[in-house]
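Participant: The structure follows.
Where a number appears in this text, it was derived from the coordinates with a stated rule and is not lab data. None of these values were measured; they are calculated from a predicted model. FYI the Cβ positions are ideal-geometry reconstructions off the backbone, even for glycines, and counts take in every protein chain you see.
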Amino acid sequence: MNKPFYALDKPKSKGVVLGNEALARGVFEAGIQVAAGYPGTPSSEIMETLAEIYHFYPDFNIEWSTNEAVGFQVSLGASMCGARAFACMKHVGVNVAADAFMTASYAGAHGGFVLLSADDPNCYSSQNEQDNRLYGLHALCPVFEAINVQEAKDIIKYAFDFSEEFKTLVMMRTTTRLNHARGDLTLGSIKKAEQKDYNFDEDRSRWTFLPSNARIQRVTQLERYEKLREVSNSFPYTILNIHDGAKIGIISSGIPYSYVNDALLKLDLTNNVSTLKLGMVFPQPEDLMLKLFEHSERIVIVEELDPFLEDFAKKLAFEHNIPIEIEGKKFFPRNGELNLSKVIKGLTGFLDIPNPFINLPVDTHDLHKASPRPPVLCAGCSHRHTFYALKLIEQKYRNASIIPDEMVEPCYSSDIGCYTLGFYKPIEAIDTCICMGGSIGMANGIAKLHNGPVFALIGDSTFFHTGVPGLINAVYNQNNIIVVILDNSATAMTGFQPHPGTGQKITGEPGTKVPLEQIVRGTGIQEDHLWIVDSNKLKETTNAIEQAINIEGPSVIISRHICSLLEKRIHRDKKVIPVEIDEEKCSNCMICISNFGCPAITMKNKKVSVLQLQCTGCKVCIDVCPNGAIHLKEDT
């Protein structure tokens, strides 16, 4: 196997890589010894790249952890042993790890410890766009940001040295635009892991957070914070650029700073504006900010999401009685991500000068306005088949008036994954969704009040992640819910990463497979309250749902079939026999399109037709058609 560029031991070699690949390379160059995390867009490729590097340099440990809290704790344990440790997750994953993170920040790090938080402005693949710089403020943990692919590699590598020097955790904050950008990268030298025993640091009072110890550690944390405030002024990736005679100062960091540079070039203002580019966004460099204030009459802060830097700058000016105008969110939106056109618009608005690009597209986002294309479940998706079975039973009960008049319709409480796309037409089998593991928790509460069947829909990886406590709660309190575990044998939405139920580790090596049904039984679910069905067998699935509705107490349906995309990858050479439409039998009732919604079935010349190359041959639509008009194609 040829080594990919980011795994080469050739310092000063140059190539083009993904931002996440550059971040992984930086972690590797730093001499990482333990890396752990949970997949989540936009961070997933970082751990996957490290796993690929591992095949060539198997002298460090790496794992997909059950969830982000466990991943953080694994890395913290490694740091306690004096090893360099890396925890990787998306921004909402830090919420899951926050309990440990907030307390661990008291003790800081022993071996270098970096937590990567991949934020997602504009909610490209997330339920919110929270600004995790605020976690740094909350935990008094330094936060680093990079402006491009090269700096991402360099800063995260440096973060491990910084962590060990100041005995602090470090948060490396990225955003989707950096994670998924491609850019030039010059490789650095690889730090070889020291060949020594890494045993637990026996500083019991430092690592045991009893109140008596925590009070002492809190003082240590505050003293460390004061040192970090000072060192932020000499952080090597923070650059103050003062132009003589310039009356305007700009403060920015990360990808927004790259847009600022481009905007100043386009507006021909490069030599008329002073800039402060932050590599360490918390603690903020107070001395450098004050120096910028001294040379400026007006300051504008260019940042995405919250006015994190803006609020601090205004506070700093007030405390030092500096009468300077400071603006930010007045000219730049607080939601969504920035781009070049937004930055030009904000800067020209702040400067009160004409925007020469007002009628011209200056960013690729604006060049082509594509028609809206809502995301859909793939052709042959087993989740669609489960949803369709749920809706069939709902319709059957409604038509047969089996549901008493006083009983309202079913509630579908969903988790986060591919299956959340069941919210959209024509499926519409999702009523609520908030966070990983939340489906079962919310269903417990809904069932106490809702007078109809309450379903909790959760994926296999998500059930391992945070679904188990909710099910235990349902059993313990005898809440009348039906948990449907949509088992497609992968963490599919983020790129088919393995999980405990697959029996495969991140490196591709075999792990111990943890069967879902054993965990379900272990929570106390009785055997007559548990069904294991093949999602692609419609009758089998609907029968299980109907039985579950008619029994009291919590029950579980494991609706199992491998992800259709993963099935294609595994069985590349397997012949797929698609379906076709018998036009003589087809009445154009549209059930296959309007109710079932498989994207392989469409309309052509006002008649139902099958896109043969998209069809996976799952055969479920054959059972869906009331006229028997769909059958396997004979001449393949």
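Participant: Full-extension gain between Asn451 and Ile591, please, as 0.36 nm times their residue separation minus the C-alpha to C-alpha distance. If you can, show how the numbers build up before the last one.
Facilitator: Numbers: separation 140, 0.36 × 140 = 50.40 nm, distance 2.91 nm.
Computed gain between Asn451 and Ile591 is 47.5 nm.
Participant: Next question. So what's the gap between the Cα centers of the range 204-263 and the range 23-52, to the nearest angstrom?
Facilitator: Centre-to-centre (Cα) distance: 24 Å.
Participant: With an 8 Å cut-off on Cα pairs and a minimum separation of 6 or more residues, tell me the relative contact order of the chain in percent. Mind dumping the intermediate values first?
Facilitator: Details: 1283 pairs, mean separation 67.0, N = 636.
Worked out over the chain, it gives 11 percent.
Participant: What is the sum of charges, Lys and Arg at +1 and Asp and Glu at -1, for the other residues whose Cβ falls under 13 Å from the Cβ of Leu137?
Facilitator: +1
Participant: Now a separate question. At R0 = 51 Å, how high is the FRET efficiency between Asp244 and Asp203 if r is their beta carbon distance? Nearest 0.05 is fine. List each step's numbers first, then the result.
Facilitator: Details: r = 52 Å, r/R0 = 1.01.
Once rounded, the FRET efficiency stands at 0.50.
Participant: Let a ≥ b ≥ c be the square roots of the eigenvalues of the Cα gyration tensor of the range 579-632; is it rounded (a/c under 1.5), or, if not, prolate (a/b larger than b/c) or oblate? All intermediate terms of the calculation are to be shown ahead of the outcome.
Facilitator: On the way: a/c = 1.29, a/b = 1.14, b/c = 1.13.
Judged from the Cα gyration tensor, the range 579-632 comes out rounded (a/c under 1.5).
Participant: Efficiency by 1/(1 + (r/R0)^6): what FRET value for His631 and Asn550, r their Cβ-Cβ distance, R0 = 51 Å, to the nearest 0.05? Numbers along the way, then the final one.
Facilitator: On the way: r = 34 Å, r/R0 = 0.66.
Result of the calculation: an efficiency of 0.90.
Participant: Test of understanding: extend the Cα→C-beta vector of Lys196 to 7 Å, then name every residue of the range 71-101 with backbone N under 17 Å from that spot.
Facilitator: 78-85
Participant: Measure off 7 Å from each Cα along the Cα-to-Cβ vector at Arg298 and Arg398, then give the distance between these two points in nanometres to one decimal.
Facilitator: With each label placed 7 Å out from Cα toward Cβ, I get 5.8 nm.
Participant: Follow-up. Taking the chain as the reference, fit the longest principal axis to its C-alpha atoms, fit the long axis of helix 308-319 to the helix C-alpha atoms, and give the angle between the two in degrees, 0 to 90, nearest 10.
Facilitator: Between helix and principal axis, roughly 30 degrees.
Participant: What is the local net charge at His320, summed over the other residues whose Cβ is closer than 14 Å to its Cβ (Lys, Arg +1; Asp, Glu -1)?
Facilitator: Working: positive: Lys291, Lys314, Lys315; negative: Glu286, Asp287, Glu294, Glu319.
Surrounding charge for His320 is -1.
Participant: Another one. Could you order peptides 380-390, 463-473 by the average number of other Cβ atoms within 10 Å of their residues, highest first? It would help to have the intermediate numbers written out before the result.
Facilitator: Details: 380-390: 27.5, 463-473: 22.0.
Averaged packing, sorted descending, gives the order 380-390, 463-473.
Participant: Could you tell me which of rounded, prolate or oblate describes the range 447-605, using a ≥ b ≥ c as the square roots of the eigenvalues of the alpha-carbon gyration tensor, with rounded for a/c under 1.5 and, failing that, prolate when a/b is larger than b/c and oblate otherwise?
Facilitator: Values: a/c = 2.51, a/b = 1.26, b/c = 1.99.
Since a/c reaches 1.5 but b/c is at least a/b, the shape of the range 447-605 is classed as oblate.
Participant: I would also like to ask the following. Rounded if a/c is under 1.5, else prolate if a/b is larger than b/c, else oblate: which is the range 1-113, with a ≥ b ≥ c the root eigenvalues of its Cα gyration tensor?
Facilitator: Details: a/c = 2.17, a/b = 1.61, b/c = 1.34.
Taking the square roots of the gyration eigenvalues as a ≥ b ≥ c, the range 1-113 is prolate.
Participant: Considering only the chain, what is the antiparallel percent among its DSSP beta bridges, to the nearest 5?
Facilitator: Values: 19 of 77 bridges.
DSSP beta bridges in the chain are roughly 25 percent antiparallel.
Participant: By average Cβ neighbour count within 10 Å, what is the ranking of 229-239, 412-422, 616-626 from highest down? Please report the intermediate quantities before stating the final value.
Facilitator: Details: 229-239: 16.2, 412-422: 25.4, 616-626: 19.2.
Ranked from most to least packed, the peptides come out as 412-422, 616-626, 229-239.
Participant: While we're looking at this one, here's another question. For a paramagnetic label modelled at 7 Å from the Cα of Leu8 toward its Cβ, which residues of the range 158-197 fall within the zone defined by backbone nitrogen distances under 20 Å?
Facilitator: 182-192
Participant: Need one number: % antiparallel among DSSP beta bridges in the range 5-233, to the nearest 5.
Facilitator: Numbers: 5 of 27 bridges.
Counting only bridges with both partners in the range 5-233, antiparallel ones make up about 20 percent.
Participant: Hey, another quick one. Among all the aspartates and glutamates, which ones have a C-alpha under 12 Å from Lys153's C-alpha, if same-chain residues fewer than 8 places away are not counted?
Facilitator: Hits, sequence-local ones excluded: Glu21, Glu29, Glu145, Asp184.
Participant: Which entries of Lys3/Lys574; Lys277/Lys345; Lys342/Lys425; Lys90/Lys315; Lys277/Lys330 show an alpha-carbon separation above 26 angstrom in the structure shown?
Facilitator: On the way: Lys3/Lys574 30 Å; Lys277/Lys345 20 Å; Lys342/Lys425 33 Å; Lys90/Lys315 30 Å; Lys277/Lys330 20 Å.
In this structure, Lys3/Lys574; Lys342/Lys425; Lys90/Lys315 lie more than 26 Å apart at Cα.
Participant: Remind me, relative contact order of the range 5-233 in percent, using alpha carbon pairs under 8 angstrom and six or more residues apart?
Facilitator: 28
Participant: Run lengths n ≥ 4 of DSSP H only: what is the helix-derived mean residue ellipticity at 222 nm for the chain, with -39500 (n - 2.57) per run over all residues, to the nearest 500? Write down the numbers at each step before the final one.
Facilitator: Working: 21 runs with 226 residues, N = 636.
Computed ellipticity for the chain at 222 nm equals -10500 deg cm²/dmol.
Participant: Roughly what would the spin-label model give for Leu137 and Gln614, points 7 Å off Cα along C-beta, in nm?
Facilitator: 4.6
Participant: At a Förster radius of 22 Å, what calculated FRET efficiency corresponds to the Cβ-Cβ distance of Thr270 and Glu319, to the nearest 0.05?
Facilitator: Values: r = 31 Å, r/R0 = 1.42.
Calculated value: 0.10.
Participant: How far apart, in nanometres, would the label points at Met1 and Lys329 be if each is projected 7 angstrom from Cα along the Cα-to-Cβ direction?
Facilitator: It works out to 4.7 nm between the two label points.
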